[in-house]
Structure formats: structure tokens, C-alpha cells
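In what follows, a structure is listed as C-alpha cells, so that the remarks can point back to it.
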Amino acid sequence: MPVAPSIKESMASSSFIRKMFEEGIQLKAQYGADNVYDFSIGNPDLEPPAKVHAVLAEIAASPEKGLHAYMPNPGYKETREAMAKKTSAEQGVPVDFSHIVMAVGAAGAMNSVFKAVLSPGDEVAVPAPFFAEYTHYARNHGASLKQIPTKEDFSLDFDAIASALTEKTSVFIINSPNNPTGKIYTAAEIAGLAAVLESHRVKTGKTVVLVADEPYRDIVYDNRAVSPVFPHWPATVVVTSFAKNLSLPGERIGFAAVNPACPDAKDMLDAIIFSTRVLGFVNAPAIFQRVVAKCWNEPVDYSLYAARREKLAAVLDAAGIEYFLPEGAFYLFCKVPAPREAAHTAGSDGEFCDHMKKHRILGVPGTGFGKKGWFRLAFCAPMRSIELSAEAFKAARASW
Ligand SMILES: Cc1ncc(COP(=O)(O)O)c(C=O)c1O
């Protein structure tokens, strides 16, 4: 059957993480799981809080009728009220349930928002490095992704942003904490970004919609906090999920929250709700809407991620590999070391990841995230695996 050339092309350019995942399975079959150091995929390995199972059991035993029925497209009112409470606390401004649309994960939420605001030929701007799927989410709606370089410490470069915005720019994505760097943007950076968007609006008459992608908001280190975005830019939509903070990625449960300060918030909400329907999501999964309504503020101990961050950083220090110490999320973004062997190409992240594979270490080349010369290690991997990887990293560095 004929496959659209555009999909063939997108598939060919985006298979790098999946390829790594499949090679990991092959290597584990060959050498045993303990002897392969798989840092390729951001699949949280903490178990969800016990309350998730208790609420699921309660729902399964409930005599209530219609638990599996269609519902209003934006979701159950009770769930939206809970999400509004959560968003109000995070954004520091009151948010009503009517500003919440339940979604099929953060990815589903972003696609509903993109469908609501993007027209063919539009541009979606994003600071690089960035979550690679954004390229495809923009393309889904006839738009293209415009990468904007960040500074050396991955902070926002306002001059670069100002010169990248055009009359075609409809959306700016901000992802904090960031995948792949773990960078958290400061309040001053968010305010600075809003100032750039405002001067663009004054110059061109065009209001850029700020989409804040926040699935890692709760996973932070050294007592950091993620700054709110609503107080800075009215035309903001937060998209998020419970994939990472409650370890529920397979359940596909998230939501979009529209800033109440947005002058045409009602139009935007109606458009996101309609888009959720016509994209074929119809509504977010029913059972997990009920679960997150009761579990959204369950305390989770992320100290295991913090301990792994310390351990992996120590392993890399010992091997002589430089990295950006993440402020949140569970990724360590590392610099490809300078080669000592003439056979290797300086700064080639693809070549270095292939080289690490010979030492049974799986990481992901930075090029796919829009940052050549770097690679990403996901540390939602067992502590034992991180400890055991120390010698492999040293050997990989020494022979590069
Ligand atoms: C930055 C970022 N945004 C969105 C997503 C998608 O999240 P979800 O599984 O909730 O759709 C991910 C998943 O890894 C991510 O890293």
C-alpha cells in the first residue's frame, strides 16, 4: 500500500532513538542485561504511587454505570477542577476548570493546541536543543520547526530569538525542565522572553502563542522550582502530563491549560476542544481521568533520580567526559570528547555513540535534538547499571 512520501521522509529522519532501543534489546540478548548500560530512553522506572493502584481497584469495583461511556470532549468536570487547582498553584494565578482540556498525554495536548493555532506555512520556534518529536508535531499541522540556538549554558539568547521571529511565527515552545539538557529557565528568562514576544507583537501586530511544555515540572534538583509562565505572557497554553511525575507514560493522560489572562481564551479553548475531537482523540482516557483527579498531588520521592544524577556525574568525571549538570528531569547532556585517535572525527556525536556501543553503552546523539557534538544519557536506569558502567565509560573515552 502506498505510504505518503512526507511520512517516509519523517520516519527516516527520526528513527534514531527507536534504532538505539532496538539495538539495546539485541545487545542485552547477546551479553545479558547486566552487561549493557542502556541510557537511551526516558521511560521512568519509578513505580507510580500506591494510591494509583488503590484508586484503580476502587474504580474497578464501583457499581457506578457509564464508567466507560463517552463524555464531554474536554473531560470530566471533577478532573478538570482538580487540574485547575494544580495549575493555579503552579502558575500563581487563579485558573478555573473551564480553562482545562484533558488530553492524551502532553504530546496529545500539544497536537490539539497546534491544530487549534497553526496554519500551513506557519513556523513554530523553539530554543535548541529540544525534544525531537516537536519537528513532527509541527509538520502534522503543515508548519515547520525553527530552531533557535541557546547560549553556552543553554540559557535563552534573546538576540537570537528576536532575529528568528518572523511574521510566520505562530508558536514559541518553552520546555522547562528541558529534554535533553535538564535546564530550568529562570523567572528573569521567562520575563525576558515575554519582552521579546511583546516587541515582536508591537512591530508586526502578530501575537505569538507561547506553549509551555511542562511534563518534568516536578522533577527538580537542589531545591529548585520551575517558574510560572502565565503571569508573563497572556497568550500562553501549558501542556503537560502525568507521564514523568507519576510514572504513567503508558496511560496517556495529560492536559492543556489556557491562561485566563488571554483575551480570547474562550475561542482558544473551544478550538482546542474541537481539535481534540477531530484529531480522533475524542477525549482523554476515562479511567485515568478519574485516577489523576484523586492522585495528582500524591507525594513522590524523586531522591532516587537525584542519587543517580550524582552517580552518573561521578562516573563521567572519572572518565573525563564533560556534561551539563541537569537542574531537573532525568537526562544528562554530555559533550563528545576531543578524539585522541586519528581514526575518529572531532565532534561527531553519531560516531561517538556508535563507539560507545562497542563498550555496550547506549546514548542518543545530540544531532537529533538539534545540538551537534553532544549526546544524551537518560538516567532513569538502575543504579547498579550506572555503577557498572564506570569502567565501560573509561574504556570508551580512552579508546576514542
Ligand atoms: C519534553 C517532552 N515533551 C512531551 C513529551 C511527551 O509526553 P507524553 O508521554 O505525556 O505525551 C515528552 C516525552 O518524553 C517530553 O520529553
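The values are calculated or read from the model by the stated rules, or taken from the named source; none is laboratory data. Since the structure is predicted, the reported quantities are computational estimates derived from the model, not experimental observations. Cβ atoms come from the backbone with ideal geometry, glycine included; neighbour counts cover every protein chain shown. Keep in mind that these areas ignore ligands, DNA and RNA; they rest on the heavy atoms of the full protein, side chains included. Shrake-Rupley method; radii C 1.70, N 1.55, O 1.52, S 1.80 Å.
Looking at R201, is it under 19 Å from the mean Cα position of the chain (by Cα), open to solvent by 40 Å² or more (accessible area, probe 1.4 Å), away from the ligand (no atom under 16 Å from the Cβ) and in the same structural domain as P127 (by TED's automatic domain parsing)?
Details: under 19 Å from the mean Cα position of the chain (by Cα): no; open to solvent by 40 Å² or more (accessible area, probe 1.4 Å): yes; away from the ligand (no atom under 16 Å from the Cβ): yes; in the same structural domain as P127 (by TED's automatic domain parsing): yes.
No, not satisfied.
Among A390, A346, A319, A396, which is at pLDDT below 95 and more than 25 Å from the chain's Cα centre (by Cα)? If you could, list the steps in order and put the result at the bottom.
Numbers: A390 fails: at pLDDT below 95; A319 fails: at pLDDT below 95; A396 fails: at pLDDT below 95.
After ruling out the rest, the residue left standing is A346.
I'd like the full set of residues that are open to solvent by 80 Å² or more (accessible area, probe 1.4 Å) and either within 23 Å of the chain's Cα centre (by Cα) or of a type in the set (A, V, I, L, M, F, W, C) (or both), limited to region 13-49.
Within region 13-49, R18, K19, E22, I25, A29, N43, E47 meet the criteria.
Going through region 232-246 one residue at a time, which ones are outside any strand (DSSP E or B) and within 11 Å of the ligand (Cβ to nearest atom)?
So the first thing to find is which residues in region 232-246 are outside any strand (DSSP E or B), and the list is 232-235, 242-246.
Matches in region 232-246: F242, A243, K244, N245, L246.
Hey, among the residues in region 186-214 that are among the acidic types (D, E) and assigned to a helix (DSSP H, G or I), which one's nearest to F158 (Cα to Cα)?
Of everything passing the filter in region 186-214, E189 is nearest to F158 (Cα to Cα).
Confirm whether H141 is touching a Ser or Thr at 6+ places or on another chain (Cβ under 7 Å) and closer than 29 Å to D157 by Cβ. I'd like the intermediate steps shown before the answer.
Numbers: touching a Ser or Thr at 6+ places or on another chain (Cβ under 7 Å): no; closer than 29 Å to D157 by Cβ: yes.
It is false that H141 is touching a Ser or Thr at 6+ places or on another chain (Cβ under 7 Å) and closer than 29 Å to D157 by Cβ.
Go through region 296-305 and report how many residues are under 30 Å from S399 (Cα atoms) and surrounded by fewer than 16 Cβ atoms within 10 Å (Cβ to Cβ).
Narrowing region 296-305 to residues under 30 Å from S399 (Cα atoms): 305.
From what's left, surrounded by fewer than 16 Cβ atoms within 10 Å (Cβ to Cβ): none.
The number of residues fulfilling the criteria is 0.
Of all strands (runs of 3 or more DSSP E) completely enclosed by region 42-158, which ones contain at least 3 residues that are within 15 Å of the ligand (Cβ to nearest atom)? Working first, answer last.
On the way: elements: 100-103, 123-128, 144-149.
In region 42-158, the matching strands (runs of 3 or more DSSP E) lie at 100-103, 123-128.
In region 218-230, what residues are touching a strand residue (DSSP E or B) at 6+ places or on another chain (Cβ under 7 Å) and open to solvent by less than 30 Å² (accessible area, probe 1.4 Å)? Write out each step before concluding.
First, the residues of region 218-230 that are touching a strand residue (DSSP E or B) at 6+ places or on another chain (Cβ under 7 Å): 219-221, 224, 226, 229-230.
Residues satisfying the conditions are I219, Y221, V226, V229, F230.
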